1. Among 66, 48, 17, whose Cα sits farthest toward the positive end of the charge dipole of the chain (+1 at Cβ of Lys/Arg, -1 at Cβ of Asp/Glu, about the Cα centre)?
2. Roughly what angle does helix 45-87 make with the longest principal axis of the chain, taking Cα atoms, 0 to 90 degrees, to the nearest 10?
3. Quote the charge dipole size of the chain about the Cα centre in Debye, to the nearest 20; the model charges only the Cβ of Lys and Arg (+1) and of Asp and Glu (-1).
4. How many lysine pairs in the chain, separated by 8 or more positions in sequence or lying on different chains, have Cα atoms less than 21 Å apart?
5. Taking the Cα centre of the chain as the origin and placing charges on Cβ (Lys, Arg +1; Asp, Glu -1), which of 8, 26, 77 is farthest toward the positive end of the dipole?
6. If DNA, RNA and ligands are ignored and the probe is 1.4 Å, what is the ranking of 3, 81 by accessible area, most exposed first?
7. Between (1) 84; (2) 95; (3) 122, which matches volume of the Cα convex hull per residue in Å³ calculated for the structure shown?
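The values are calculated or read from the model by the stated rules, or taken from the named source; none is laboratory data. Here the structure is a predicted model, which is why all the values come from computation and not from measurement. Quick reminder, even Gly has a Cβ in these numbers, built from the backbone with ideal geometry, and neighbours come from all protein chains shown. Keep in mind that these areas ignore ligands, DNA and RNA; they rest on the heavy atoms of the full protein, side chains included. Shrake-Rupley method; radii C 1.70, N 1.55, O 1.52, S 1.80 Å.
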Amino acid sequence: MEEYQKKLIEAGIEGAIITVLAYLFYYQNYLLYKWHRGLPLPSRIPFVIAGILTGAAYFIYKLYKIYPMMQKEKIANVIREEENLETI
């Protein structure tokens, strides 16, 4: 497995963890500051969406940092293949 593939898997796992933690953070803060006893609980859907967007933003950020590494490895593979063809 290539190095950039390992980093992509790592970034995906980190993004999933951040998604869950962001959802919990947004929902709990809303309940602490806006919700009062006796009122029905608010819908969780907006907070789930906000958590997903936060996790996706983190994953895209990490993807842009990993992308140059992917290109360098692909170029290196092409150069190695050309060298192998020349020696044959």
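1. 48
2. 0
3. Dipole size: approximately 880 debye.
4. 11
5. Towards the positive end, the residue furthest out is 26.
6. Values: 3 90, 81 120 Å².
Descending accessible area places them as 81, 3.
7. Structure-derived value, by its label: (1).
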